[in-house]
Amino acid sequence: MIRPATKTRIDLGLKIRDKGTTARLENSGPFGNMCTPRVRTDSVDQIDEELFKWLREAYEQAN
């Protein structure tokens, strides 16, 4: 789930089972039970291989 959070930030809500939180992979917050962790993105630089790995993991678990 993609959600504009502020004028300069987008939050990505992911549905990944058994994934703990880290400094970057946060509690789902406003996404509630629909998503497990969320990732805040403040700049294009944060769309990196680590984020793509999480997106792939969420996609594979959905199938």
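Read the figures in this text as sums done on the coordinates, not as results from a lab. Not measured: the values here are computed from a predicted model. Backbone-built Cβ (ideal geometry, glycine too); neighbour counts: all protein chains shown.
From (1) surrounded by 14 or more Cβ atoms within 10 Å (Cβ to Cβ); (2) part of a helix (DSSP H, G or I), pick out the condition that doesn't hold for residue 59.
That leaves (1) as the condition not met.
Which of the residues that make up segment 1-11 are assigned to a loop (DSSP other than H, G, I, E, B) and more than 11 Å from the chain's Cα centre (by Cα)?
Correct list: 5, 6, 7, 8, 9.
For segment 12-39, which positions are over 17 Å from residue 56 (Cα atoms) and either of a type in the set (Lys, Arg) or assigned to a strand (DSSP E or B) (or both)?
Passing the criteria: 26, 27.
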